[in-house]
Amino acid sequence: MRKLRVTAVVLMAIFGAVVAGCGDSGGGGGASGNEPATLKVGVIPIADVAPLYVGIDQGFFKDEKLTIKPQLAEGGAAITPAVVSGDNQIGFSNNTSLLIAASKKLPIQIITQGVLAGKTEKEAWADLMVPKGSPIKTPKDLEGRTIAVNTLKNVCELTIKASLEKEGVDVDKLKFSEIPFPDMNAALESKRVDAACEVEPFVSQAKAAGSTGIDPFYVKTAPDLSVATYFTSKQYAEQNPEVLKRFAKAMNKSLDYTQKNPDAARKVLSEYTEIPPEAIAKIRLPKWSSNLNKDTIELQAELAEKYGLVKSKPNVDELIQEPGS
């Protein structure tokens, strides 16, 4: 997902936290049975996490005696160690980052769906954009070109390579440059890069400036690709199974409700993001569902090994532990 990375420095910090004892096992959420609990949830201020806020507004978490306190962060570089250390009980991350973390034996587990890519290109909210007047007309034209990604060796590279390889592109000839999402359109217009891995609201902004999308990489990697999920630490899961069951019940209800009520999603976006109101009204929203779509996470694990993001394929069955399943 976005600005999510698991760097060597971050991993060292996480292991340090583990050695130190993983922090407070409860972290404010250590309730058992049906007792009230407070959960700090690490999230990024993007459209993907709208169902969490919708669930708060609709009282779905309150119904489960849960108080949710979103903890805004720029990406997984902050969220993952906060969850492992116990500072946050739950976090939101793209699955590629979680698979990389799992391959390094970090004590985390996926508990619910977060966001899906969409079933068809018509539903796609992510696209590979090329600037107005670009000589790149087909995916094959990208060979030897430079593509902006928000994080090197992560979900953008993985899905772009998987998608373009299906189009006969020699992905070994692709070049990648790390540029934050908000800066990608400027990089396109100035010709610093030839193409950019973009998501909403930046896709809509790019198209308004005359850019063209040529590869909806998430959808083309797999229909309804599970892009990101909510996760917790294994220690918290072992000590608070009933709390996680209640969180999963409320979160899944929120995911399905938000998908059926897009106006509820657009309403909360103004509460926690800096997306302008006019953009909120126009952007193509992500797809949400309580279905974890495990097969597409398994696919990403295989692709992560294929493209060298991990040394060996992580065990997806161990990584995914849906509460109550």
* Structure fact -> In region 63-78, residues that are under 14 Å from the mean Cα position of the chain (by Cα) and either closer than 21 Å to K245 by Cα or of a type in the set (D, E) (or both) total 1
* Structure fact -> Filtering region 138-154 for residues that are in contact (Cβ under 8 Å) with a residue 60 or more places away in the chain and over 30 Å from I44 (Cβ atoms) leaves a count of 1
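Here is a check on your reading of the model: is K161 surrounded by fewer than 24 Cβ atoms within 10 Å (Cβ to Cβ), among the charged types (D, E, K, R) and in contact with a Gly (Cβ under 7 Å, 6 or more places away or on another chain)? Can you show your working first?
On the way: surrounded by fewer than 24 Cβ atoms within 10 Å (Cβ to Cβ): yes; among the charged types (D, E, K, R): yes; in contact with a Gly (Cβ under 7 Å, 6 or more places away or on another chain): no.
So K161 fails the test.
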* K153: within 30 Å of D87 (Cα to Cα) and assigned to a helix (DSSP H, G or I), yes or no? -> no
* Taking region 304-323 as the region of interest, how many residues are surrounded by fewer than 16 Cβ atoms within 10 Å (Cβ to Cβ) and in contact with a strand residue (DSSP E or B) (Cβ under 9 Å, 6 or more places away or on another chain)? -> 1
* Go through region 215-235 and count every residue that is out of contact with any Leu (no Cβ under 8 Å at 6 or more places or on another chain) and in a helix (DSSP H, G or I). => 3
* Residue check, K166 against (1) surrounded by 16 or more Cβ atoms within 10 Å (Cβ to Cβ); (2) without any contact (Cβ under 8 Å) to a residue 60 or more places away in the chain, all met but one. Which one? -> (1)
* Mind checking which residues of region 130-148 are among the β-branched types (V, I, T) and buried (at least 21 other Cβ atoms within 10 Å of the Cβ)? -> V130, I147
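Yes or no: region 241-252 includes at least one residue that is basic (K, R), part of a helix (DSSP H, G or I), touching a Phe, Trp or Tyr at 6+ places or on another chain (Cβ under 6 Å) and in contact (Cβ under 8 Å) with a residue 60 or more places away in the chain.
No, there is no match, as no residue in region 241-252 is basic (K, R), part of a helix (DSSP H, G or I), touching a Phe, Trp or Tyr at 6+ places or on another chain (Cβ under 6 Å) and in contact (Cβ under 8 Å) with a residue 60 or more places away in the chain.
So, in region 291-306, exactly how many residues are more than 21 Å from A124 (Cβ to Cβ) and either touching a residue at least 40 places away in the same chain (Cβ under 8 Å) or within 15 Å of the chain's Cα centre (by Cα) (or both)? Steps first, answer last, please.
Step one: of region 291-306, the residues more than 21 Å from A124 (Cβ to Cβ) are 294, 298, 301-302, 304-306.
Then keep just the ones that are either touching a residue at least 40 places away in the same chain (Cβ under 8 Å) or within 15 Å of the chain's Cα centre (by Cα) (or both); that gives 294, 301, 304.
Final tally of qualifying residues: 3.
Scanning for something buried (at least 16 other Cβ atoms within 10 Å of the Cβ), in contact (Cβ under 8 Å) with a residue 40 or more places away in the chain, in the same structural domain as R284 (by TED's automatic domain parsing) and assigned to a helix (DSSP H, G or I), does region 102-110 turn up at least one residue? Before you say what the answer is, go through the steps one by one.
Our first condition is that a residue be buried (at least 16 other Cβ atoms within 10 Å of the Cβ); within region 102-110, this holds for 102-103, 106-110.
Filter once more, so that each one left must be in contact (Cβ under 8 Å) with a residue 40 or more places away in the chain: 102-103, 106-110.
From what's left, in the same structural domain as R284 (by TED's automatic domain parsing): 102-103, 106-110.
Applying the additional criterion that residues be assigned to a helix (DSSP H, G or I) yields 102-103.
Checked region 102-110: at least one residue is buried (at least 16 other Cβ atoms within 10 Å of the Cβ), in contact (Cβ under 8 Å) with a residue 40 or more places away in the chain, in the same structural domain as R284 (by TED's automatic domain parsing) and assigned to a helix (DSSP H, G or I).
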* Structure fact -> In the set F231, F217, the lone residue that is in contact with a strand residue (DSSP E or B) (Cβ under 9 Å, 6 or more places away or on another chain), over 20 Å from V43 (Cα atoms) and either surrounded by 17 or more Cβ atoms within 10 Å (Cβ to Cβ) or not assigned by TED's automatic domain parsing to the domain that holds P36 (or both) is F217
* Asked: Identify, please: which residue in region 265-301 is small (G, A, S) and crowded, with 20+ Cβ neighbours inside 10 Å and is, among those, nearest to G118 (Cα to Cα)?
  -> A265
* Which residue out of D224, D183 is under 15 Å from the mean Cα position of the chain (by Cα) and surrounded by fewer than 22 Cβ atoms within 10 Å (Cβ to Cβ)? -> D224
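Kindly provide the set of residues from region 111-126 that are touching a residue at least 40 places away in the same chain (Cβ under 8 Å) and either of a type in the set (A, V, I, L, M, F, W, C) or not in a loop (DSSP other than H, G, I, E, B) (or both), ordered by number. Write out each step before concluding.
Pass one, region 111-126, residues touching a residue at least 40 places away in the same chain (Cβ under 8 Å): 111-121, 123-126.
Across region 111-126, the qualifying residues are I111, T112, Q113, G114, V115, L116, A117, E121, E123, A124, W125, A126.
The values are calculated or read from the model by the stated rules, or taken from the named source; none is laboratory data. Since the model is a prediction, treat every value here as computed from it, not as a measurement. Positions of Cβ are backbone-derived with ideal geometry, glycine not excepted, and every protein chain shown enters the neighbour counts.
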